[in-house]
Amino acid sequence: MPKVAVVTDSDCSLMLALTDPLGIRQVPITVQFGEEILRSGIDINDVELFQRVDREGKLPTTAAPSPGDFLAAYKAAFEEDKADEVLCFCVSSAISATYNAAKVASEEMSDKKITVIDTETLSMGQGYMTLAASETLKIGGTSDDAVKAAKDVGTRAHLYGALATLKYLSMSGRVSHLAAGMAGILNIKPILSVQNGKLDMLEKVRTRKKAWERVVELCRQDAQGKKIVKMAVLDVNAKHDADEFEALLRANLDCPSEILRSELSAGLSVHTGAGLVAVGFVTDK
C-alpha cells in the first residue's frame with residue numbers, strides 16, 4: 001500500500017499541536033506588518049496579532065504561501081516522511097491564491113503523485129476535511145478513499161460566527177467608519193457564515209446575547225433530524241467568551257462530548273477582528 005502524506009495550509013484553523021502528531025504538514029499563510037513577514041501559527045497567533053494591531057493602530061496585510069513554500073512541504077513529505085503520494089487540501093480559491101500556489105508547486109514535481117484539492121471552504125470546514133482524509137489513510141484507505149471521505153465531510157460541515165465589533169472591519173476599509181460607529185451605538189453583532197467559499201456576513205443582530213442565540217438556532221436548523229458528530233469552538237483573542245459560548249451550545253444542542261477548541265488563525269482573523277466566537281460542526285448525514 002503506497003504511503004500517502006497530507007498537506008494543508010494554516011487557514012484550516014487546526015492548531016499545530018493537533019496536526020503535527022498526525023503527520024499533517026501545514027503551510028502557513030503570512031501576515032505582514034510593513035516589511036516584517038510573519039507566519040501564521042508559527043511566528044504569530046491571534047492574541048499577539050491583535051495586541052500589535054491595537055498598539056500600532058493598523059491592520060497588517062495577509063498573503064498566500066508561495067509555490068516555493070508548498071514545494072518545500074512536498075519535498076519534506078517525500079524525503080522525510082518517505083511518502084509515495086501527497087494530498088494537499090487548500091483554503092477556498094474564492095478567497096486566496098493558496099490553491100494556485102499549491103498547484104504550481106505540484107507541477108514543478110511532475111514526477112511525483114501530488115493531488116491538490118480546493119476545499120471550497122475555510123477554517124474548520126477545511127480542517128475537518130483534512131482530518132477526515134488523514135483518518136481514512138490511517139485505517140488503510142487509499143488516496144482516492146481519503147479524497148472521497150474529505151469531500152463527503154465538506155458537504156456536512158457548517159460554520160457560524162458572531163463578530164464582537166466592526167472596529168477592525170472599519171480599519172480594513174471593508175465598512176465605513178460611520179457605519180462601524182453606528183453599529184457600535186446600536187450594539188449590532190454581525191453573524192458570519194461560509195457562503196460560496198467565502199466568510200461573509202449572513203445577518204445583523206443586535207446585542208451579543210441575541211447574536212449567540214441566533215447562532216445556536218442556525219446550528220439547530222442545520223442539525224435537525226441529524227446527529228452532530230464533530231464540533232469545534234473557535235475564537236479570536238476571546239478565550240473567556242468562547243468558554244461562555246461553548247456552555248451555551250452544550251446547554252441548547254446535543255453536542256459531542258468532546259468539543260475541539262482552537263483559534264481562528266491569523267490568516268483569517270485579520271479579516272474578522274478580535275472578539276469573534278464561532279462554531280464549526282459536522283453532522284452525520
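The values are calculated or read from the model by the stated rules, or taken from the named source; none is laboratory data. Since this is a predicted model, take the numbers as computed values, not measurements. Glycine also receives a Cβ, built like all others from the backbone with ideal geometry; neighbour counts cover every protein chain displayed. What goes into the accessible areas is simple: the full protein's heavy atoms, side chains included, and nothing from ligands, DNA or RNA. Shrake-Rupley method; radii C 1.70, N 1.55, O 1.52, S 1.80 Å.
Residue by residue through region 222-272, note down the ones that are surrounded by 15 or more Cβ atoms within 10 Å (Cβ to Cβ), farther than 23 Å from Gln26 by Cα and of a type in the set (Gly, Ala, Ser).
Once the filter is applied, which keeps residues that are surrounded by 15 or more Cβ atoms within 10 Å (Cβ to Cβ), farther than 23 Å from Gln26 by Cα and of a type in the set (Gly, Ala, Ser), region 222-272 yields Ala223, Ala238, Ala242.
Of everything in region 156-203 that's at pLDDT below 85 and part of a loop (DSSP other than H, G, I, E, B), which residue is most open to solvent (accessible area, probe 1.4 Å)?
Arg174
If you check Val153, Val116, which single one turns out to be open to solvent by less than 30 Å² (accessible area, probe 1.4 Å), closer than 25 Å to Ala101 by Cα and touching a Ser or Thr at 6+ places or on another chain (Cβ under 7 Å)? So that I can check it myself, show each step before the final result.
On the way: Val153 fails: touching a Ser or Thr at 6+ places or on another chain (Cβ under 7 Å).
Testing whether each residue is open to solvent by less than 30 Å² (accessible area, probe 1.4 Å), closer than 25 Å to Ala101 by Cα and touching a Ser or Thr at 6+ places or on another chain (Cβ under 7 Å) leaves just Val116.
Just one of Gln195, Gln224 is closer than 20 Å to Gly127 by Cβ, out of contact with any Asp or Glu (no Cβ under 7 Å at 6 or more places or on another chain) and of a type in the set (S, T, N, Q); which is it? Steps first, answer last, please.
Numbers: Gln224 fails: closer than 20 Å to Gly127 by Cβ.
Just one listed residue meets the conditions, Gln195.
How many residues does region 24-38 hold that are in a loop (DSSP other than H, G, I, E, B) and hydrophobic (A, V, I, L, M, F, W, C)? Talk me through it step by step, then tell me what you get.
Initially, region 24-38 is screened for residues in a loop (DSSP other than H, G, I, E, B), giving 24, 28-29, 34-35.
Applying the additional criterion that residues be hydrophobic (A, V, I, L, M, F, W, C) yields 24, 29.
So the answer is 2.
If Ala278 satisfies every condition in (1) aliphatic (A, V, I, L, M); (2) at pLDDT 95 or above; (3) part of a helix (DSSP H, G or I) but one, which is the exception?
Unmet condition: (3).
Residues being touching a helix residue (DSSP H, G or I) at 6+ places or on another chain (Cβ under 7 Å) and at pLDDT 95 or above: count how many of those fall in region 50-68. Steps first, answer last, please.
Narrowing region 50-68 to residues touching a helix residue (DSSP H, G or I) at 6+ places or on another chain (Cβ under 7 Å): 58-59, 62, 64-67.
When the remaining residues are screened for being at pLDDT 95 or above, the result is 64-67.
Qualifying residue count for the region: 4.
Mind checking which residues of region 53-93 are in contact with a strand residue (DSSP E or B) (Cβ under 7 Å, 6 or more places away or on another chain), surrounded by 15 or more Cβ atoms within 10 Å (Cβ to Cβ) and more than 23 Å from Ala133 (Cα to Cα)?
Pro60, Thr62, Ala63, listed by residue number.
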